[in-house]
Amino acid sequence: MAPTVLVIEDDPDIRDSVVALLRTEAPWVEVASAGDGMEALEQLEEGPEPCLALLDLMMPVMNGIELLDALRERGLATGMRVILVSGYVQLARHVTYPGVSGLLPKPFRAAELMDLVRRHCPEPGVPAPPNVEG
């Protein structure tokens, strides 16, 4: 079974662009998406645990922090790594939850996103890139 990346983003243009990029540039991963934290929670309760979630913080219905709280309370997706994807960099830097392993400030470049995906869900037979903070 291929590793899965879950894209959780309320802006449909951003979500669709990220999903399309991952399907093109990371064919070794399955890609799932959700428009808010509640939709993501439902997917995580029903399906296999993704290797990585790209989580927007500011969303309607259930925001990223509320989703992280719900996951912790329910003991779900304990092995999933989470990259916070946000234009609210100052807020995102203060989010400390188990599994949160990085921040991708909006707007971001496709290469930055792909480096994170390769690091957390490496392509079979290809070493993961080094974990370089920049």
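Take the conditions (1) touching a residue at least 24 places away in the same chain (Cβ under 8 Å); (2) outside any loop (DSSP other than H, G, I, E, B); (3) crowded, with 18+ Cβ neighbours inside 10 Å; Ala77 misses just one of them, which is (2). Restricting the range 15-32 to residues that are without any contact (Cβ under 8 Å) to a residue 24 or more places away in the chain and in a helix (DSSP H, G or I) leaves a set whose member that is surrounded by the fewest Cβ atoms within 10 Å (Cβ to Cβ) is Thr24. Before we move on, is Pro98 in a loop (DSSP other than H, G, I, E, B) and either free of Cβ contacts under 8 Å to residues at least 24 places away in the same chain or of a type in the set (S, T, N, Q) (or both)? So Pro98 fails the test. One residue stands out in the range 38-54 among those that are assigned to a helix (DSSP H, G or I) and under 14 Å from Met80 (Cα atoms): the one that is farthest from the chain's Cα centre (by Cα), namely Glu45.
Only one residue in Gly64, Gly35 is over 12 Å from the mean Cα position of the chain (by Cα), of a type outside the set (Val, Ile, Thr) and buried (at least 16 other Cβ atoms within 10 Å of the Cβ). Which one?
The conditions single out Gly35.
Which of the residues spanning the range 34-57 are aliphatic (A, V, I, L, M) and without any contact (Cβ under 8 Å) to a residue 40 or more places away in the chain?
Passing the criteria: Ala34, Met38, Ala40, Leu41, Leu44, Leu57.
Table: residues versus (1) in contact with an Asp or Glu (Cβ under 8 Å, 6 or more places away or on another chain); (2) surrounded by fewer than 19 Cβ atoms within 10 Å (Cβ to Cβ).
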site: Leu71; (1), (2): no, no
site: Ile83; (1), (2): no, no
site: Ser86; (1), (2): yes, no
site: Ser101; (1), (2): no, yes
site: Glu112; (1), (2): no, yes
site: Arg119; (1), (2): no, yes
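For the range 75-103, which positions are among the aliphatic types (A, V, I, L, M), modelled with pLDDT of 90 or more and in contact with a Ser or Thr (Cβ under 8 Å, 6 or more places away or on another chain)? Val82, Ile83 - these are the residues of the range 75-103 that are among the aliphatic types (A, V, I, L, M), modelled with pLDDT of 90 or more and in contact with a Ser or Thr (Cβ under 8 Å, 6 or more places away or on another chain).
Sort out which residues of the range 44-61 are farther than 19 Å from Ser101 by Cα and buried (at least 19 other Cβ atoms within 10 Å of the Cβ), and write them in order of number.
From the range 44-61, those farther than 19 Å from Ser101 by Cα are 45-48, 59-61; that's our starting set.
Of everything in the range 44-61, just one residue is farther than 19 Å from Ser101 by Cα and buried (at least 19 other Cβ atoms within 10 Å of the Cβ), namely Met59.
The values are calculated or read from the model by the stated rules, or taken from the named source; none is laboratory data. This is a predicted model, so every value here is computed, not measured. No Cβ is skipped: glycine too gets one built from the backbone with ideal geometry, and neighbour counts run over all protein chains shown.
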